[in-house]
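First the structure, in the form of structure tokens, and then the observations on it.
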């Protein structure tokens, strides 16, 4: 039942938001960008989706009034999406520019500026509605960060030799203390500061740069929350529309 509750919380996002993708950049030049596609190994698959959908349908068959027709309709659309392409909803694209980052993911598209920590988000809903808002990348919580770099640890991912960085973040939210451990494999060949990666979620680079090829995030209970692995990458021409806020609003 615990597993069902967990995936119910995940599926809620998919009921609300439309799907998207993810990409990155090679050097911070004015005319080149690197596209890197990640797959989240820890995200939804067909079996997970069917388990949650069956749970909702069982509530409806028992006459539970909390399950609205609109919810069941959204579940049907989600089921169709997962069945059609279960990999797509686990895929993310990042675009990195000199001072701006564009991210497309399954629940939203957004642009953020690491220096000012401004974030511009477009949420796309399955019912056709959309909401645009501006916020900050980081909440105002007390955070302790410890980083260890292990250059002697090597792993080849795709065609790049990577070294390992381990980062531990302890965050105090009121009386609650949360800890996350990040195991990061990155390649020196592409110098992107780690604070440009929103999944790493740090406000400074700590003089660490590289193309992140794999990242695993564990919580204080040692459970894996996210596990991104690079599927492919390539160099593309610069497209200014990707970091144009007005263009994003028109999606």
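Structure above, values below:
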| read-out | value |
| --- | --- |
| Residue satisfying condition, being at pLDDT 85 or above, buried (at least 19 other Cβ atoms within 10 Å of the Cβ) and assigned by TED's automatic domain parsing to the domain that holds residue 37, within set 101, 121 | 101 |
| Any hit, segment 124-139, residues being surrounded by 17 or more Cβ atoms within 10 Å (Cβ to Cβ), within 17 Å of the chain's Cα centre (by Cα), in contact (Cβ under 8 Å) with a residue 40 or more places away in the chain and part of a strand (DSSP E or B) | yes |
| Residue, modelled with the lowest pLDDT, within segment 150-177, restricted to residues that are farther than 19 Å from residue 211 by Cβ and more than 23 Å from the chain's Cα centre (by Cα) | 174 |
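The values are calculated or read from the model by the stated rules, or taken from the named source; none is laboratory data. Quick caveat: nothing in here was measured; it's all calculated off a predicted structure. Here Cβ is always computed from backbone atoms with ideal geometry, including for glycine, and neighbour counts include all displayed protein chains.
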